[in-house]
Structure formats: structure tokens, C-alpha cells
């Protein structure tokens, strides 16, 4: 990952920020997760942006090609699932199955330390440390929020998804920078037509 292709955290939810690791850069769709190191870097930044992330086992996740490929497959299904919801379509069965599979990678279990602590524990899937929190975030968005606030950025130069947390519920762009670029392009086109 080069410095000119940074990760963005504009989705307002871990699942959407994970989906948004695919974005448009200079007119081209770009996957910012090119290797396992990129995934490890994104995950460390995700912890900073989403401090409420539930850990699965408390152990370090092995960031390798298998985990990367598994994460990318789940990400593609989650993208399609959220796009279908945004467009008011019935989600495809394989996209729902991917979400359910990510949720099944871990389970809540009591761990005796002070006698009151509950942690999530992995169930044999190396990617569970990432996929369970992402799956839980997706599940909360789909079941505990106003789905009319899920959006794809209005700019035709952007593919990012976000959850509108504004009081008015009228946010149309993933960020103010995207809004400004979109409005500038519109003004430029209008000036050329005059």
C-alpha cells in the first residue's frame, strides 16, 4: 500500500469501514489490502477508530495470505449485501451466508479471571479476530439501525458506503472532501454549458 492510497474511516461502523478498503483512486477501483501487512495495518488503525471493537481471543491474529484471502471474500459478500439493502433489494443467499459464517467464527464464553468477565473466543478460524467483530458490526447495522440511513456516496466518482449519523439524516456524501470535489465538478460542467 502506498502513501497515496490511505485507508479511509468514513463509514461510521467497523463493517462499512472494512468494506471501504476498496475505493476509487484517480478514477480506478483500488483494493487497499494488497497483502497481509496491509490488512494488519488497517486492523491496527480500525482499533483506533472503533475502540469498542470486541476482541475474540485476546491473542494476536496471524496476518497471512490465508487470512487476507478469507477476509477479502467476506468483504466482497458484505459489500454486495449492504449495496442490496441500500438499493431496497432482497439480499442474495450467498451474501447472507457469508455474514452468518463470519458470525460463526467465534462465540461468547466466560473466561475465569475475576469471575465476572465475558470474552469472545475463537472457534478454529484464524481470521476470527477480525471477522467476528466485523460480522457483529454488520449485524448491528442490519438489525438495530434505521436502514434508510445506509448510503452509497452520491458522487459518481466514489464507491464508499456510510451510515448517516447526522441529526437531519440528509448526508449524501461519504465525506466533506468528496462533497466538495463533486460540487466542483458540477459547477465546472455548468460553467462549460453556459
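Bear in mind these aren't lab numbers, they're just calculated from the coordinates by the rules spelled out. Just so it is clear, the model here is predicted, and its values are computed rather than measured. All Cβ positions, even for glycine, are placed from backbone atoms using ideal geometry, and neighbour counts span all protein chains on display.
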Discussion item. Please compute the modelled spin-label separation between residue 191 and residue 165, points set 7 Å along Cα→Cβ, answer in nm with one decimal.
Written reply: 3.5
Worksheet entry | Orientation-averaged projected area, Cα convex hull of region 1-102 (nm²) | 7.3
Worksheet item: How would you rank 167, 76, going from fewest to most other Cβ atoms within 10 Å of each one's own Cβ?
Response: 167, 76
Worksheet entry | Descending Cα extents along the principal axes, region 126-165, whole Å | 37, 24, 12
Worksheet item: If we sort 141-150, 15-24 on the protection proxy, mean other Cβ atoms within 10 Å, highest first, what's the order?
Response: 15-24, 141-150
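Please work out the Cα convex hull volume for region 48-104 and give it in Å³ per residue. Could you put the intermediate results ahead of the total?
Working: hull volume 6.4 nm³, N = 57.
Taking the convex hull of the Cα positions in region 48-104, it is 112 Å³ per residue.
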Worksheet item: Taking the Cα-to-Cβ direction at residue 145 and at residue 87 and moving 7 Å from each Cα, how far apart do the two end points lie in nm?
Response: 2.0
